[in-house]
Amino acid sequence: MSPSPEAVPNDEQPEPLTPALAFRAAIGGAMMGLANLVPGISGGTMLVAVGIYRRFIDAVSDVTRLRLSISNLALLAVVVLAALVAIGALSGLIAQALVDFRWAMFSLFIGLTLGGAPLLLRMTRPFNRAAYAGVAAGALAMLTLALLQGSAADAGNAQTNWLMLGVAGMAGASAMILPGVSGAYLLLLLGQYEPIIHAIKDAVSAATQLDLAGVLAQLGVIVPVGIGVVLGVVVVANLLRFLLHRYEKATIGVLLGLLLAAPAGLYPFREGVPPQLGDVFEGQLVTEQNIVELAAPKNAKDWSQRSFTPSLGQLGGSLALMLAGFFVTLGIARLGGEEPDASPTSATVPKR
C-alpha cells in the first residue's frame, strides 16, 4: 500500500522518540523557553547544546510541509510544552532578577551562551574559506546589533500595536531557533520586550487567580505575538533546512560567528538610573508631582542604564558565574550524543 500524501516516506522516517531523546527535548525546550525571556540568550543554542537541533529543524520543516509522523509531532509537542511551562512558571522571577541582580544574571548568561561554542566548532570542522567567511559575517552582524543596543534603552517608549507585535513575534521566533541569536534581544531592540514579557506575566498571574477578565485583557498582546511566532518558526526552519543542506559550512560558520559575538551586548556592570526632574520617562515629563511615582523601585525595569566600576568581589563573582554557565551548557551538551551534526536531512540526503 502506498503511503498517504501526508505521511513521511518509509525511507525517510525520522528517528523514533526514545526516552533519552524525549528527556533531551524536554530539557532543551525548557532552556529555550527561559532563553527567550532573557535579552542576549539564544534559544537555538540551548537546542544545539542538548543535541536536538537537527531533529527540531527537521521536524518543524516536515510538519509545515504536511509530511507528518508521530515521532516529529511528539518531539515538537515535548519541546513546545516544556518551553511554555518554563515561560509561564518563571517569567515573573526572571523579570525581577534582571532588575535586582543584573550583573550576576548577565554574567551567568554570558557563560551559558559561550558554552555552546565548542559544539558549534565541532559542527564546522574541517574549516574552509566558506566557514571562515561565515564566522566573520555572523560576528559582524551580532556586533552591529550590540552597537544598536543603546537605542533599546528607550524600549518602553516604542509604539506597540498589533502589526508591530506581530513583527516582533516573527523576529523573536526567527532568532529563537538560530544558535547565537537571542529572540529577547531582538524584541528589546524593537522596543517590544517589556510589553510582551509583562503581558505574559500578568496573564499567568490572572490565570492562577481564575481571573478570566485579566487573562482576556492581555490577549491583545499575546495573540498577535503568537501569530508572528508561528509564521517566524515556519519560514526560518524551512530556510535553515535548505541552507544547511546547500551551504552547510558557510551557514554553520555564520551561526558560530553570531554565538561568539553575542556576549558583546551583555556587559554585566550596568545599573538603572532613576529619572530626574525635567527628564522624559515613559512618554511623561518628570515633574515634582510625579517623580516619586516614576522613580519608585517598581519602575526600575524601565530606567535608563549606565556603566559602573565593579568591585573586586563583583569581578570575581562575575567570572565565577561565567565559568559556571559555560560548564553547565557544556555539560548538557554531553546529552547530545557523539555526532553534533547540524545538517538537517543529513541522514536522508547525501552531502555535496
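Coordinate-derived values only; no laboratory data. Owing to the predicted nature of the structure, the values given are computational and were not obtained by experimental measurement. Glycine gets a Cβ as well: all are built from the backbone with ideal geometry, and neighbour counts include every protein chain shown.
What shape does the range 177-252 have by the C-alpha gyration tensor, where a ≥ b ≥ c are the square roots of the eigenvalues, rounded means a/c under 1.5, and otherwise prolate means a/b greater than b/c and oblate the rest? Verdict is prolate for the range 177-252. Packing, as the average of other Cβ atoms within 10 Å across residues, places the peptides 213-219, 76-82 in the order 76-82, 213-219, highest first. Ordered by the count of other Cβ atoms within 10 Å of each Cβ, fewest first, Val234, Val60 give Val234, Val60. Taking θ as phi - 60° and the Karplus parameters 6.51, -1.76 and 1.60, the scalar couplings of the range 116-123 work out to x, 5, x, 5, 5, 4, 5, 5 Hz in sequence order, x denoting glycine and proline.
Stokes-Einstein diffusion coefficient for the range 23-102 at 37 °C in a medium of 0.692 mPa s, Rh from the Kirkwood formula over Cα pairs: what value in µm²/s?
251
Using the number of other C-beta atoms within 10 angstrom as an exposure proxy, rank Phe327, Phe106 with the fewest first.
Details: Phe327 13, Phe106 25.
Sorted ascending by nearby Cβ count, the order is Phe327, Phe106.
Per-residue Karplus couplings for the range 303-311, computed as 6.51 cos²θ - 1.76 cosθ + 1.60 with θ equal to phi - 60°, are listed in order as 5, 5, 10, 9, 6, 9, 7, x, 7 Hz, Gly and Pro entered as x. If a/c stays under 1.5 just call it rounded; otherwise compare a/b with b/c (prolate if a/b is bigger, oblate if not). Do that for the range 218-264, with a ≥ b ≥ c from the square roots of the Cα gyration tensor eigenvalues. Because a/c hits 1.5 or more and a/b fails to exceed b/c, the range 218-264 counts as oblate. Going by a ≥ b ≥ c, the root eigenvalues of the Cα gyration tensor, does the range 204-311 fall in the rounded group (a/c under 1.5), the prolate group (a/b larger than b/c) or the oblate group? Here the range 204-311 falls in the oblate category. The separation of the range 125-142 from the range 258-283, counted between C-alpha centres, amounts to 29 Å. This ranking places Glu288, Glu194, Glu293 by how few other beta-carbon atoms lie within 10 Å of each, fewest first, which gives Glu288, Glu293, Glu194.
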